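Notes follow once the structure below has been shown.
The values are calculated or read from the model by the stated rules, or taken from the named source; none is laboratory data. Remember, it's a predicted structure, so these values are computed and weren't measured experimentally. A quick note on method: Cβ atoms are made from the backbone with ideal geometry, for glycine too, and the neighbour counts reach across all protein chains shown.
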Amino acid sequence: MAVHDVLTIGDPRLRQRSAAVERFGGPDLLALVEDLRDTMAASDGAGLAAPQIGVPLRVVIFGITANPRYPEAPPIPETVLVNPVLTPLGEAIDDDAWEGCLSVPGWRARVPRWKRLHYRAQDLQGQPFEREVEGFHARVVQHECDHLDGVLFPDRMPGGFPRG
């Protein structure tokens, strides 16, 4: 389909809460996911959310086999989440893993995230599914779903985004 420019920090569209997807299975939703896939691949991303390409809908894609930005990361199967809902499992937090973002170029930081997570979402046809994940997979899901609520990883850093 198409590779899009990824919006970067400072663009007000990244701070908006995205709308739920209400129409499934149509060509618009399928084209959006293809554009997300192409843009993620062209940018060496581990995931991408629709708001990052200027589409304010609750859609994310993630997955990696090998990624130069995260060379130590285990593989994650490509997954599309539509209208995801996240629930932490337990109280354990991983606060020692580095994170970056295509929308915050040049920055990496340690960001606290839940170690274990349950998510439920819909697929492209509107069928519900759910999964329990942990580790890097859980981190990627949380990071991408934050974009749906206008949250960028520096907002999750202890002390917030450094101001110069």
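For region 67-86, state whether one or more residues are basic (Lys, Arg), within 20 Å of Gly150 (Cβ to Cβ) and either surrounded by fewer than 20 Cβ atoms within 10 Å (Cβ to Cβ) or in contact (Cβ under 8 Å) with a residue 60 or more places away in the chain (or both). Outline the logic, then answer.
Residues of region 67-86 that are basic (Lys, Arg), as a first pass: 69.
Imposing the further condition that a residue be within 20 Å of Gly150 (Cβ to Cβ) reduces the set to none.
Looking for residues that are basic (Lys, Arg), within 20 Å of Gly150 (Cβ to Cβ) and either surrounded by fewer than 20 Cβ atoms within 10 Å (Cβ to Cβ) or in contact (Cβ under 8 Å) with a residue 60 or more places away in the chain (or both), one finds none in region 67-86, hence no.
Which count do you get for residues in region 13-47 that are among the polar types (S, T, N, Q), out of contact with any His (no Cβ under 9 Å at 6 or more places or on another chain) and either more than 19 Å from Ile64 (Cα to Cα) or modelled with pLDDT of 95 or more (or both)? Full working, then the answer.
Of the residues in region 13-47, the ones among the polar types (S, T, N, Q) are 16, 18, 39, 43.
Filter once more, so that each one left must be out of contact with any His (no Cβ under 9 Å at 6 or more places or on another chain): 16, 43.
Within this subset, residues satisfying the condition of being either more than 19 Å from Ile64 (Cα to Cα) or modelled with pLDDT of 95 or more (or both) are 16.
Adding up the residues that qualify gives 1.
Counting just the residues of region 12-39 that are in contact (Cβ under 8 Å) with a residue 60 or more places away in the chain and in a loop (DSSP other than H, G, I, E, B), which one comes out farthest from Pro77 (Cα to Cα)?
Gln16
Take Gln52 and tell me if it is crowded, with 20+ Cβ neighbours inside 10 Å, at pLDDT 95 or above and either under 15 Å from the mean Cα position of the chain (by Cα) or not in a helix (DSSP H, G or I) (or both).
Answer is yes for this residue.
Among the numbered criteria (1) assigned to a loop (DSSP other than H, G, I, E, B); (2) out of contact with any Lys or Arg (no Cβ under 9 Å at 6 or more places or on another chain); (3) within 28 Å of Glu34 (Cβ to Cβ), which single criterion is violated by Gly126?
Just one mismatch for Gly126, condition (2).
Return yes or no: is Phe136 assigned to a strand (DSSP E or B), within 14 Å of Thr79 (Cβ to Cβ) and not small (Gly, Ala, Ser)?
The answer is no for Phe136.
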